Amino acid sequence: MAATLRPARSGSTATSFYLESVVWTAPRTRAVFGVRSEQDALTTRALAFNQGFYNLFRAHPGAAAAAGCGRPGGRVRRLTGPAHG
């Protein structure tokens, strides 16, 4: 299984999210990511789903806040990098 979790040219974060989190097992999506078989796609589906949301939240912190990833008091927690207070 030689799948990479980044398309060669996705065009946008929304496109990556859609491919990774919604249509991961579709033949065209498998071709974009180089996933060789439907079985490989099924095996990696949870990883791809998580990667799609990670990329979406990293690119759009407001989406993270809307999904409830913020701290009490309305501050959005950083998803990468050093922790701050």
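The values are calculated or read from the model by the stated rules, or taken from the named source; none is laboratory data. As the structure is a computational prediction, the values presented were derived from the model and not from experiment. In this analysis, Cβ positions are derived from the backbone assuming ideal geometry, glycine residues included, and neighbour counts consider all displayed protein chains.
Of the residues making up the stretch 14-31, just one is of a type in the set (Gly, Ala, Ser), in contact with a helix residue (DSSP H, G or I) (Cβ under 6 Å, 6 or more places away or on another chain) and over 14 Å from residue 45 (Cβ atoms), namely 16.
Would you be able to say whether some residue in the stretch 48-67 is part of a loop (DSSP other than H, G, I, E, B), surrounded by 13 or more Cβ atoms within 10 Å (Cβ to Cβ) and either of a type in the set (Gly, Ala, Ser) or at pLDDT 90 or above (or both)? Within the stretch 48-67 (the criterion being part of a loop (DSSP other than H, G, I, E, B), surrounded by 13 or more Cβ atoms within 10 Å (Cβ to Cβ) and either of a type in the set (Gly, Ala, Ser) or at pLDDT 90 or above (or both)), the answer is no, since none of the residues qualifies.
Modelled with pLDDT of 65 or more, over 12 Å from the mean Cα position of the chain (by Cα) and surrounded by 13 or more Cβ atoms within 10 Å (Cβ to Cβ), is that true of residue 3? No.
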